[in-house]
Amino acid sequence: MSDQNASPDALARPQDVRKFKPYTRQSIRQAPQWGLLPEELQEAVQVVSHVLPFRTNEYVLDQLIDWTNVPDDPIYRLVFPHQDMLPAEEYRALRDLVLVNRDAQSVNPAIAALVHQIRMRMNPHPAGQMTHNVPRVNDQPLRGLQHKYKETVLFFPSAGQTCHAYCTFCFRWPQFVGMDDMKFDAKETHELVDYLKTHRDVTDVLITGGDPMIMNTRSLAEFIEPLLAPELAHIQNIRIGTKSVAYWPQRYVTDKDADDLLRLFERVVKSGRNMAIMGHYNHAVELRQDIAQQAVKRIVGTGATLRMQGPLIRHINEDPHSWAELWRTGVRLGAIPYYMFVERDTGPREYFQLPLARAHEIFQQAYQMVSGLARTVRGPSMSAFPGKVAIDGVVTINGEKLFALQFLQARNPDWVRKPFFAKYDPEATWLDHLKPAFGKDRFFFETDSAPHEDAPRKVIPIASARSCTSSAA
Ligand code: SF4
C-alpha cells in the first residue's frame, strides 16, 4: 500500500511537536533571528509593515528561511517587508514619521493618514472584487460572499481572515490591515446556505480568506457541515484555499486537533463530495521539509485532493527549477499541480511583477522539465476583471508578433477556451496593458452583442478593474 492510501493515523508523526507561535511588528524583536538582521533591514520591517501586513511564525523563521542568504532568501522576501516595496519618497516620508513616533503608545494620526493614502494608491481590491463580484439579495450585498464565475461561490468566514504568516505580495491584504469597509467576512453560513439553495447551478464553494485553516476544527466544521445538507446536493466540491500547507503544515500533523481535521475531511468525502484543498505554494523549499511532506500525505490519505497553486513573483520564484521541483515533489506525494498565476495588479506590484513574456518563458521552461503527471498545471494565468486569462504562447502571424491567449475561466462562460491574440509587448505585465491584434480596437470580450439588441453592448472593458471606483478595483 502506498503512503497516499494509508490511513492518516498509520503515518508516523515527527518528533518535533511545535506550538504555533506568531510574530508581528510588535513582537518580532523577540525572535532569536531578529538580531541577525542589519539595522537597515530592521528599519524597513518596522516602517513598511505600517502599510503592508506583517506576520510570521517560528516555523517559517526556523525552517524555511536560510538566514545566511538574507535578504535574498526567497522566503525572507516573501514574508518580510522591504524598503523597495514603497517608492523612495513614500518610504522616506513614512520612515520620518515612524522614527519620530517610535515610542508612542497610541496611533499617530499623521502616520495613519499617510498609510491610508499609500494603501488606497495600491489598488486594494483588484479585478472588481468589491464592485462586481458581491452577490445581492433584495438589493442588499451579502457580506462575505463573492460570486464571479457561474459555478463557484467564494465564502469568507470571519474567523478565517488571518493567516499563519502574511505574504508581502498578497492581493487580499486589505483583509488584514483593519480596513473594515474593504473586508469580506461572514459570521455564519445561513446566508450562504440560503443563497446556494436558490442557485442550483453552483457546484463549488471555495472557503477562503485569509486562511480558513487558521480556525480550529470545531469552528471550521460549523462552516462546512451545513454544506453537506441533502438540499444542497448540487454542491459537489467543497474547496478550501490555504497556505497552511507551507506556512504551518503542523495543522495537519501535530496540532492538537489535526486528527479531528482529517476526520472532517473524511466526512465530506463520505458524503459523496470532493474535499479539495487548494494549497498555496510559492517555492520548492516549502515542500522540502519532512513535516510539509507529511501534511500532504495525511491530507490525500483522507480521500481529499490537494491542488498546488501560487503566483510567479519577481525576487521569489523566478527560477523554473524551483517550480519544477515543487511540482515533481507534489506529484510524488499525491498532490496535483494546478495553477501558476501572474502576480496581481495590487499592493507593491512594481516590486514583484514580471513581464508577461518572461512569465511565459519561466512557465514553459518549468513545464518542459516535468513529466506528464505534473503537466496538469496551467498558466501563467492572470486573474483579471473578465476572468482567468492564460498566456499560451508567443506566435508570429502574417509577420506580426503576438501573444496567444485564452480564458481558462470567465465571467461569461461562452468565452472559456476561445483563443484570442494580442500584440506582443515585451514590457506588458497585465491584461490591461495589452492591445488587440490584427488592427482591432477592442478584444472580443469587450463588446457583446446581446440577442435582440441592435447596437453592440459593451460589457467588460478590461481597464474597468482600475477605474470602476476610486478606491477598489
Ligand atoms: S497566505 Fe494567502 S491570504 Fe494569507 S497573506 Fe499569503 S497570499 Fe494572502
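Each value in this text was obtained by applying a stated rule to the coordinates, not by laboratory testing. In this text, all values refer to a predicted model and were calculated from it rather than measured experimentally. Note that each Cβ is placed from the backbone with ideal geometry, even for glycine, and that neighbours are counted across all protein chains shown.
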For region 218-232, Karplus-derived ³J(HN,Hα) couplings (6.51, -1.76, 1.60; θ = phi - 60°; whole Hz; x for glycine and proline) come out as 4, 5, 4, 4, 5, 7, 7, 4, x, 6, 8, 4, x, 6, 10
Heads up, the chain by the C-alpha gyration tensor (a ≥ b ≥ c square roots of eigenvalues; a/c under 1.5 rounded, else a/b over b/c prolate, else oblate) looks rounded
Shape verdict for region 221-344, please, from the Cα gyration tensor: rounded (a/c under 1.5), prolate (a/b greater than b/c) or oblate. prolate
Under a cut-off of 15 Å between alpha-carbon atoms, report the aspartates and glutamates in cross-link reach of residue 435, not counting same-chain residues fewer than 8 places apart. 400, 425, 427, 446
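Once you charge only the Cβ atoms, +1 for Lys and Arg and -1 for Asp and Glu, what is the size of the charge dipole of the chain about its Cα centre, to the nearest 20 debye? Each step should come with its number before you reach the end.
On the way: 55 positive and 55 negative charges, 144 e Å.
Magnitude of the dipole: close to 700 debye.
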In whole angstrom, note down how far apart the Cα centers of region 275-336 and region 212-270 are. 18
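In the structure displayed, which of 148/297; 388/440; 21/187 lie more than 30 Å apart, Cα to Cα? Each step should come with its number before you reach the end.
Working: 148/297 32 Å; 388/440 22 Å; 21/187 25 Å.
Flagged as over cut-off: 148/297.
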How large is ³J(HN,Hα) for each residue in region 117-124, as worked out from phi by the Karplus curve 6.51 cos²θ - 1.76 cosθ + 1.60 (θ = phi - 60°), to whole Hz, x for Gly and Pro? 4, 5, 4, 5, 5, 8, 6, x
Sequence-distant or interchain residues sharing an amide H contact under 5 Å with residue 206, placed H: which? 153, 154, 155, 239
Residues with amide H under 5 Å of residue 435's amide H, sequence separation 5 or more or different chain, H placed in the peptide plane at 1.01 Å from N; which? 423
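Specify whether the C-alpha gyration tensor of region 8-121 places it in the rounded, prolate or oblate class, a ≥ b ≥ c being the square roots of the eigenvalues: rounded for a/c under 1.5, otherwise prolate if a/b is larger than b/c and oblate if not. Intermediate values should be presented prior to the final figure.
On the way: a/c = 2.30, a/b = 2.04, b/c = 1.13.
Verdict is prolate for region 8-121.
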Each residue of region 387-403 in turn: what ³J(HN,Hα) in whole Hz from Karplus with 6.51, -1.76, 1.60 and θ = phi - 60°, glycine and Pro shown as x? x, 8, 10, 9, 8, 7, x, 10, 10, 10, 10, 6, x, 9, 7, 9, 8
